[in-house]
Amino acid sequence: AQKITQTQPGMFVQEKEAVTLDCTYDTSDPSYGLFWYKQPSSGEMIFLIYQGSYDQQNATEGRYSLNFQKARKSANLVISASQLGDSAMYFCAMSTARSGNEKLTFGTGTRLTIIP
Amino acid sequence: DTGVSQNPRHKITKRGQNVTFRCDPISEHNRLYWYRQTLGQGPEFLTYFQNEAQLEKSRLLSDRFSAERPKGSFSTLEIQRTEQGDSAMYLCASRIWEGGHEQYFGPGTRLTVT
């Protein structure tokens, strides 16, 4: 079975600073994908970034980058130059080849608050 | 290109009543997923479809739950004889199987069972 652990229930960060959100995962499947989603108070899950287990380089999407450390089974999200609009819940998720790369297993999330 | 839409956005019902939710995926997305999210938790997988075929159901989906995607486009999720424990946000997502890995989520339907 796969599991995602997010140990930071909440974080407060000053605007324009960089922030790292922690995520560790557990799976015995050598083929898997890691995702980060943002959930504002409106409720909709917004896809941010994806990292495949065989990808050689860390994924980047604009201000978002994924710090993938395979040996440590960690997939931390780094947001550079944080903005007030980044305040939201952030979820790390995983899919595995054994599950057909379909169903996502989510962590419990981190609530990020950006302070002006 | 419109996103995933879900209706209704909110539903309040009395225990024992039946409810039905609808999800309209992004057009041409052949995979459709249902998740449930309770307060303070991440979404949990319920079921998914490839076109009209339901390919997997979670053990969370008890006999009171049924999902359909009759023509491979929109999907419905029905809960019969609702219980207070069914109160949650029900999220729908879709993606193109041959495309990228990410699932695109709708705004969800928040169900409150009184």
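Where a number appears in this text, it was derived from the coordinates with a stated rule and is not lab data. Note that the structure is a prediction, hence the values are computed from the model and not measured. Here the Cβ positions follow ideal geometry from the backbone for every residue, glycine too, while neighbour counts run over all protein chains shown.
Cβ under 11 Å from B:LEU46's Cβ, B:LEU46 left aside: what net charge do those residues give with Lys, Arg +1 and Asp, Glu -1? Kindly include the intermediate steps, with their values, before the conclusion.
Values: positive: A:LYS103, B:ARG36, B:LYS57, B:ARG59; negative: B:GLU44, B:GLU56.
Result for the neighbourhood of B:LEU46: +2.
For the protein assembly as shown, what is the charge dipole size about the Cα centre, in debye to the nearest 20, if Lys and Arg each add +1 at the Cβ and Asp and Glu each add -1 at the Cβ? Working shown, then result.
Numbers: 25 positive and 23 negative charges, 128 e Å.
Computed about the Cα centre, the dipole is about 620 debye.
Take every Cα pair under 8 Å in chain B that's 6+ residues apart, average their separations, divide by the length, and report that relative contact order as a whole percent.
This gives 37 percent for chain B.
Which value, in debye to the nearest 20, describes the size of the charge dipole of the range B:10-114 about its Cα centre when Lys and Arg Cβ atoms bear +1, Asp and Glu Cβ atoms bear -1, and nothing else is charged?
400
What ranking do A:TRP36, B:TRP97 get, fewest neighbouring Cβ atoms within 10 angstrom at the top?
Values: A:TRP36 25, B:TRP97 11.
Taking fewest neighbouring Cβ atoms as first place, the list is B:TRP97, A:TRP36.
Across peptide B:42-48, how many C-beta atoms of other chains are within 10 Å of each residue C-beta, on average? Don't skip to the end; give the middle numbers.
Details: counts 15, 9, 4, 7, 1, 1, 3.
Taking all residues of B:42-48 together, the mean is 6.
If you take every DSSP beta bridge fully contained in chain B, what fraction is antiparallel? Give it as a percent rounded to 5. Intermediate values should be presented prior to the final figure.
On the way: 34 of 38 bridges.
Within chain B, antiparallel bridges account for around 90 percent of the total.
Hey, in the GNM for chain B with a 10 angstrom Cα cutoff, which one of B:GLY16, B:GLY100, B:GLY42 fluctuates hardest?
Taking springs between Cα atoms under 10 Å, the residue moving most is B:GLY100.
Hey, can you rank B:86-95, A:44-53, A:80-89 by average C-beta count inside 10 Å, highest first?
The peptides rank, most packed first, as B:86-95, A:44-53, A:80-89.
Quick one: Cα centre-to-centre distance for the range B:46-72 and the range A:1-55, in angstrom?
Taking the Cα centre of each part, the range B:46-72 and the range A:1-55 sit 26 Å apart.
Could you tally the net charge around A:LEU112, taking each other residue with its Cβ under 11 Å from the Cβ of A:LEU112, Lys/Arg +1 and Asp/Glu -1?
After counting each charged neighbour, the total is +1.
Give me the one-decimal nm value for the distance between modelled label points at A:GLN56 and B:HIS10, 7 Å along each residue's Cα-to-Cβ direction.
About 5.3 nm, to one decimal.
If packing is taken as the mean number of other Cβ atoms within 10 Å per residue, what is the order of A:22-32, B:25-35, highest first?
In descending order of packing, they fall as B:25-35, A:22-32.
For peptide A:97-107, compute the average count of partner chain beta-carbon atoms within 10 Å of each residue's beta-carbon. Please report the intermediate quantities before stating the final value.
Working: counts 0, 0, 2, 4, 2, 10, 10, 10, 4, 7, 2.
Partner-chain Cβ atoms within 10 Å, mean over residues of A:97-107: 5.
Lys and Arg at +1, Asp and Glu at -1: add these up for the other residues within a Cβ distance under 15 Å of A:ILE79 and post the number.
Spelling it out: positives minus negatives among the neighbours equals -1.
State the answer as a single residue: which of B:PHE105, B:SER5, B:ALA88 lies farthest towards the positive end of the charge dipole of chain B, with beta carbon charges of +1 for Lys and Arg and -1 for Asp and Glu, about the Cα centre.
Value: B:ALA88.
Placing +1 on the Cβ of each Lys and Arg and -1 on the Cβ of each Asp and Glu in the protein assembly as shown, which of A:TYR37, B:LEU77, A:ALA81 has its Cα farthest towards the positive end of the resulting dipole?
Toward the positive end, the furthest listed residue is B:LEU77.
Could you tell me the calculated FRET efficiency between B:SER66 and A:PHE12, based on Cβ-Cβ distance and R0 = 35 angstrom, to the nearest 0.05?
Plugging the Cβ-Cβ distance into 1/(1 + (r/R0)^6) gives 0.20.
Under unit Cβ charges (Lys, Arg +1; Asp, Glu -1), what dipole magnitude, rounded to 20 debye, does the range A:1-86 have relative to its Cα centre?
180
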